[in-house]
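See below for the structure under consideration.
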Amino acid sequence: VNVNAQTLPSFTPIADICSGDALSLPATSINGISGTWSPAVDNTTTTTYTFTPDGGQCATSEDMTVNVNAQTLPSFTPIADICSGDALSLPATSTNGISGTWSPAVDNTTTTTYTFTPDGGQCATNETMTVEVNTETSPTFDPIADICSGDALSLPATSTNGISGTWSPAVDNTTTTTYTFTPDGGQCATSEDMTVNVNAQTLPSFTP
């Protein structure tokens, strides 16, 4: 009676995968032994699978472990609200070290939700971040009536719609001037011009 030694199926190791990645196990070993695997393939958790050869091949069972790494959620420091037109950039790397790209293109004129897609090979999920963009307000002022050269003249430090700021150039009560109001920071407001007309003083004349 001839007794043949049993053959050990051999397999190319399967590299670690990320949870959710495609995963399949070979139906035939690299040394030509066919069979089946159990339990059912699971691409969400690390599992040790057992290969059971088909009958009549004088082959032993063999185990293979496939490591499944959990997906990491990229984290980002929230971006404070900006005013329309302010500088805006999104970080290329998350605070927990995941690199990737954002879409759609950055838009500093409207509130937008951006999606971060990690670069390959990092076992990381997509993440979204919304950047709020506030519309700029135009300061409003009550018109200043024409004055005579030398009359008292002051310009309001706050607009009628509550925006504080400063005027330039310095107030001049001797000549018609267009002043520019520059809002203080953090108010999402635009600059505004106002012209104050200054009339020359007329010298009264009398008949001798």
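Rolling a 1.4 Å probe over the protein heavy atoms of the chain, with every protein chain left in place, gives an accessible area that is 50 percent carbon and sulfur.
With all protein chains kept in place, the per residue accessible area of the chain amounts to 60 square angstrom at a probe of 1.4 angstrom. For the stretch 69-104, the residues whose amide N sits under 13 Å from a probe point set 7 Å from the Cα of D119 along the beta carbon direction are 92-94, 97-102. Whole-Hz Karplus values for the stretch 166-172 come out as 10, 10, 9, x, 4, 4, 10 Hz, taken residue by residue from phi with 6.51 cos²θ - 1.76 cosθ + 1.60 and θ = phi - 60°; glycine and proline positions read x.
Taking Cβ atoms as reference points and 12 Å as the exclusive limit, the residues near L88 contribute a net charge of -4, counting Lys and Arg as +1 and Asp and Glu as -1. Based on alpha-carbon centroids, what's the gap between the stretch 110-161 and the stretch 18-39 in Å, whole number please? First find each Cα centre; the distance between them is then 58 Å.
Going through [x] 74; [y] 54; [z] 49, the figure that equals percent of Cα pairs over 21 Å apart as computed for the structure here is [x].
3J(HN,Hα) along the stretch 77-85, derived from phi through the Karplus expression 6.51 cos²θ - 1.76 cosθ + 1.60 where θ = phi - 60°, amounts to 6, x, 9, 5, 3, 10, 8, 3, x Hz, with x in place of Gly and Pro.
Residues whose amide H lies under 5 Å from that of Y49, counting only those 5 or more places away or on a different chain, are M64, T65, V66; hydrogens are built 1.01 Å from N in the peptide plane. Here's how it looks for L8: its modeled amide H is under 5 Å from those of T60, which are all 5 or more places away or on a different chain.
Compared with the direct C-alpha span, the chain from T175 to Q57 gains 31.7 nm at full extension, assuming 0.36 nm per residue.
The values are calculated or read from the model by the stated rules, or taken from the named source; none is laboratory data. Bear in mind that the values here come from a model prediction, so they are computed numbers and not experimental data. Cβ atoms come from the backbone with ideal geometry, glycine included; neighbour counts cover every protein chain shown. Heavy atoms of the whole protein, side chains included, go into the accessibility calculation; ligands, DNA and RNA do not. Shrake-Rupley method; radii C 1.70, N 1.55, O 1.52, S 1.80 Å.
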